[in-house]
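To start, the structure under review is shown below, and the notes come after it.
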Amino acid sequence: MNKTELIEHIAQQADISKAAAGRALEAVLGGVSATLRKGGSVSLLGFGTFAVSTRAAREGRNPRTGEPVKIKKAKVPKFRPGKALKDAVN
């Protein structure tokens, strides 16, 4: 499912227009992004938790030449599914 299909699904399930569903989805995604940018986490009960984790600096290899490359530490978004989502999938 891509973003357009998700908007169509939201519009159909909530009985609203696609434009309103698109704005709602953008608002949710913007809220999650803004919270993660500040270093916070977003917990959706029954669905899961979005959080930021720090990946340590490490040494990798250039696959073309095989020479070592230093990779800087980075903040990465993580998602941990909730029990209800795990049960729904299984």
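The values are calculated or read from the model by the stated rules, or taken from the named source; none is laboratory data. Since this is a predicted model, take the numbers as computed values, not measurements. Remember, those area values only see protein heavy atoms, side chains included, never the ligands or the DNA or RNA. Shrake-Rupley method; radii C 1.70, N 1.55, O 1.52, S 1.80 Å.
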Restricted to pairs 8 or more residues apart or on different chains, the lysines in segment 2-90 with C-alpha atoms under 18 Å apart form a number of pairs equal to 5
What percentage of the solvent-accessible surface of the chain, computed with a 1.4 Å probe over protein heavy atoms, is contributed by carbon and sulfur atoms? 55
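Measuring with a 1.4 Å probe in the full set of protein chains, what accessible area per residue, in whole Å², belongs to segment 15-90? Present the calculation step by step, with values, prior to reporting the outcome.
Numbers: 6150 Å² over 76 residues.
For segment 15-90, the per-residue accessible area is 81 Å².
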